[in-house]
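All remarks here apply to the structure that follows.
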Amino acid sequence: MTTDNSTPRPWKTSLPDETLIHAEDGSQVAITFQGDDDYEANYMRLSADAELIVRAVNAHGDMLAALKDMFFNSLHGNGLDAHHKARDRARAAIAKAEGRADG
């Protein structure tokens, strides 16, 4: 098992600059632009990149857990109830990764 020494989640972007990625405590985690010219010309893409990073990072734990459940169930055939729970967990993790509230 690996130890996660990364910045605690959830991460977020916030106005007025959605190219900045912050931790829950407000500390800056990452930024998606390289300089002022890049920022001015590409703000929409850079803010979309930051949002994608945030969604992927915030969904990582749920996605990994759902994948592990499905893998374990495929090896051990834990019955239909376990399969449905794993499927529901995967559906919720996918919704989270896609930035949707449903799942």
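The values are calculated or read from the model by the stated rules, or taken from the named source; none is laboratory data. The shown structure was predicted, so the numbers you read here are calculated from the model rather than taken from an experiment. Here Cβ is always computed from backbone atoms with ideal geometry, including for glycine, and neighbour counts include all displayed protein chains.
Candidates in region 88-103 are the residues that are surrounded by 14 or more Cβ atoms within 10 Å (Cβ to Cβ) and not β-branched (Val, Ile, Thr); of these, the one that is nearest to Ala30 (Cα to Cα) is Ala97. With the structure loaded, tell me whether His60 is under 21 Å from Ala23 (Cα atoms) and either surrounded by 13 or more Cβ atoms within 10 Å (Cβ to Cβ) or of a type outside the set (A, V, I, L, M, F, W, C) (or both) or whether it fails that test. Considered against the rule, which asks whether it is under 21 Å from Ala23 (Cα atoms) and either surrounded by 13 or more Cβ atoms within 10 Å (Cβ to Cβ) or of a type outside the set (A, V, I, L, M, F, W, C) (or both), His60 comes out as yes.
When region 31-48 is limited to residues that are touching a residue at least 12 places away in the same chain (Cβ under 8 Å) and surrounded by fewer than 17 Cβ atoms within 10 Å (Cβ to Cβ), the one that is nearest to Pro8 (Cα to Cα) turns out to be Ile31.
In the chain, counting only strands (runs of 3 or more DSSP E) that sit wholly within it, none holds 3 or more residues that are at pLDDT below 85 and either small (Gly, Ala, Ser) or touching a Gly at 6+ places or on another chain (Cβ under 7 Å) (or both).
Taking the numbered list (1) among the hydroxyl-bearing types (Ser, Thr, Tyr); (2) surrounded by 14 or more Cβ atoms within 10 Å (Cβ to Cβ); (3) over 18 Å from Glu98 (Cα atoms) in turn, Ser27 passes all entries but (2).
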